[in-house]
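The values are calculated or read from the model by the stated rules, or taken from the named source; none is laboratory data. For clarity, every value in this text was computed on a predicted model and none was experimentally measured. Quick reminder, even Gly has a Cβ in these numbers, built from the backbone with ideal geometry, and neighbours come from all protein chains shown. The area values use the complete protein model at the heavy-atom level, side chains included, leaving out ligands, DNA and RNA. Shrake-Rupley method; radii C 1.70, N 1.55, O 1.52, S 1.80 Å.
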Amino acid sequence: MTAPAVARNRGAILSVLREHLPASGLVLEVAAGSGEHAAYFAAALPGLRWQPTDPEPRARASIAAHAKIADLANLLAPLDLDAASPVWPVAQADVVVAINMVHISPWSATLGLLAGAARVLPEGGLLYLYGPYMEDGRHTAPSNAAFDTDLRARDPAWGIRDVQDVEQAASPHGLRLAQRIAMPANNLSVLFRKAPPGAREGYHRG
């Protein structure tokens with residue numbers, strides 16, 4: 001499987017990851033799709049172990065095929081992971097990454113992603129989200145509004161989410177919005193950090 005968007009966005013995403021990811025550790029990628037991002041990032045960040053996952057057998061087969069071609073020691077075999085599940089096959093990770101997942105899945109998947117990331121991340125651990133988002137109830141570009149309409153026509157449970165809604169849903173899990181970074185093609189990188197236990201109550205704008 002190949003996704004044309006990967007070639008367009010992977011360089012910009014890598015620039016953000018280089019700045020914010022630790023030098024070593026385990027990166028858990030949720031909804032890794034075709035597996036192209038996993039192979040590209042694992043090659044560019046050799047100090048990190050990259051664990052791709054996806055709930056779809058076809059996607060996992062594609063991930064495995066791209067991994068075989070890449071032949072990287074730090075790129076692990078794909079796992080079956082449903083973000084909405086209360087049990088994940090990975091108990092601990094230093095970073096959780098989800099690229100173009102939040103808008104192409106039901107809201108319950110995003111809620112599961114936030115809860116799962118909080119379970120597996122250490123204090124200070126990073127949850128990295130990438131994709132199109134609304135801000136303060138408004139689309140950031142006409143093209144995003146049209147894309148949102150198309151998504152909801154394909155599946156009423158899909159749609160571009162508001163950053164503030166994601167932020168509010170993350171707060172009870174101890175995930176604090178650390179940074180939002182404007183990306184090409186009207187996308188955002190949205191970074192959350194797991195707060196220490198004493199700082200987890202309430203909802204705060206980042």
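Structure above, values below:
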item: Highest-first arrangement of 27-35, 157-165, 186-194, where packing means the average Cβ count within 10 Å; result: 27-35, 186-194, 157-165
item: Virtual spin-label span in nm between Ser108 and Ala70, 7 Å along Cα→Cβ; result: 3.1
item: Size of charge dipole - the chain - debye, nearest 20, with Cβ of Lys, Arg +1 and Asp, Glu -1, no other charges; result: 240
item: DSSP bridge pairs, segment 1-145: antiparallel proportion in percent, nearest 5; result: 5
item: Length-normalised contact order of segment 1-150 in % [C-alpha pairs under 8 Å, at least 6 apart]; result: 20
item: The chain pair-distance distribution - Cα-Cα, 10 Å bins, rounded %; result: 9, 37, 40, 14, 1
item: Accessible surface of the chain, 1.4 Å probe, proportion on carbon and sulfur as whole %; result: 55
item: Accessible area expressed per residue, the chain, with surrounding protein chains retained (probe 1.4 Å, Å²); result: 45
item: Sites Arg8 and Gln92, calculated FRET efficiency, Cβ-Cβ separation with R0 30 Å, nearest 0.05; result: 0.40
item: Distance from segment 107-130 to segment 1-45 (C-alpha centre basis), Å; result: 17
item: Residue-averaged 222 nm ellipticity for the chain, from DSSP H runs of 4+ at -39500 (n - 2.57), nearest 500; result: -11500 deg cm²/dmol
item: Heavy-atom accessible area order for Arg154, Arg10, largest first, 1.4 Å probe; result: Arg154, Arg10
item: Approximate spin-label separation Met1-Gln168, in nm, with each point projected 7 Å along Cα-to-Cβ; result: 3.2
